[in-house]
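The values are calculated or read from the model by the stated rules, or taken from the named source; none is laboratory data. Just so it is clear, the structure is predicted and the values come from calculations on it, not from any experiment. Quick reminder, even Gly has a Cβ in these numbers, built from the backbone with ideal geometry, and neighbours come from all protein chains shown. The area values use the complete protein model at the heavy-atom level, side chains included, leaving out ligands, DNA and RNA. Shrake-Rupley method; radii C 1.70, N 1.55, O 1.52, S 1.80 Å.
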Amino acid sequence: MDHYGNLPVWAAVAVMSFGTLSQLYGNLRHDAGSTADHPGVYDAVADAFGMRAIYLKSWLHHLTTVRNIAGHHDRFYNRVMAIRPRLLTRDARYQCDKGFPTLLVIKNIYELSWPARWADLGGELTDIIGSHSSVELRPMGFPGDWERVLDLD
């Protein structure tokens, strides 16, 4: 700090863990930095991703737990997700405590941030599921028309 001065927020965020980033965002006051003609940091960050802050906070929290599950080589199949994401109104009927809502969140993030990449990732998902056709998807909360729901058909 003596040599470089104050640390810019982009530099701090670049070295944060995903969990720390989620906590930082989740702990922001909703009106932090807001003025009559400028949204606060909480809303401005969400706006930069093209979504409402309430979804971004929820999705970051949920995806932190998903990352931790994966990072510890734990199982997803038939797992009860303790931290459930808030789903968009159009997706609300798929709300459950299984893995399928995670895919909806990832799909929505990709459609907002990298729309051209979702088709590739969705194709990989379809291939993986197809190569394990004997595995039942219902225990993960998948609806029968999951490919349509994820815009993969």
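Only one entry in D2, D97, D31 is in a loop (DSSP other than H, G, I, E, B) and either of a type in the set (F, W, Y) or exposed (fewer than 12 other Cβ atoms within 10 Å of the Cβ) (or both), namely D2. Against the numbered list (1) of a type in the set (V, I, T); (2) modelled with pLDDT of 85 or more; (3) assigned to a helix (DSSP H, G or I), T20 comes up short only at (2).
Looking across the range 42-58, the residues that are open to solvent by 70 Å² or more (accessible area, probe 1.4 Å) and free of Cβ contacts under 8 Å to residues at least 60 places away in the same chain come down to D47, A48, R52, K57.
Table: residues versus (1) open to solvent by 70 Å² or more (accessible area, probe 1.4 Å); (2) under 24 Å from W146 (Cβ atoms).
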| position | (1), (2) |
| --- | --- |
| A12 | no, no |
| F18 | yes, no |
| R75 | yes, yes |
| T102 | no, yes |
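Going through the range 100-132 one residue at a time, which ones are under 22 Å from A70 (Cα atoms) and assigned to a loop (DSSP other than H, G, I, E, B)?
Result: S131, H132.
Being among the small types (G, A, S), in contact (Cβ under 8 Å) with a residue 12 or more places away in the chain and within 26 Å of L152 (Cα to Cα) is true for just one of G130, G99. Which residue is that?
Only one candidate passes the filter, namely G99.
Which one is surrounded by the most Cβ atoms within 10 Å (Cβ to Cβ), of the residues in the range 59-71 that are polar (S, T, N, Q) and more than 15 Å from L24 (Cβ to Cβ)? Checking each candidate, the answer is T65.
Output yes when any residue across the range 62-85 is under 10 Å from the mean Cα position of the chain (by Cα), of a type outside the set (A, V, I, L, M) and assigned to a loop (DSSP other than H, G, I, E, B), and no when none is. For the range 62-85, residues under 10 Å from the mean Cα position of the chain (by Cα), of a type outside the set (A, V, I, L, M) and assigned to a loop (DSSP other than H, G, I, E, B): present. So, in the range 116-133, of the ones that are farther than 14 Å from W146 by Cα and open to solvent by less than 90 Å² (accessible area, probe 1.4 Å), which residue ends up modelled with the highest pLDDT? Among those residues, the one meeting the criterion is S131.
Among the residues of this structure, D91 counts as one that is surrounded by 14 or more Cβ atoms within 10 Å (Cβ to Cβ) and either more than 24 Å from S22 (Cβ to Cβ) or not β-branched (V, I, T) (or both).
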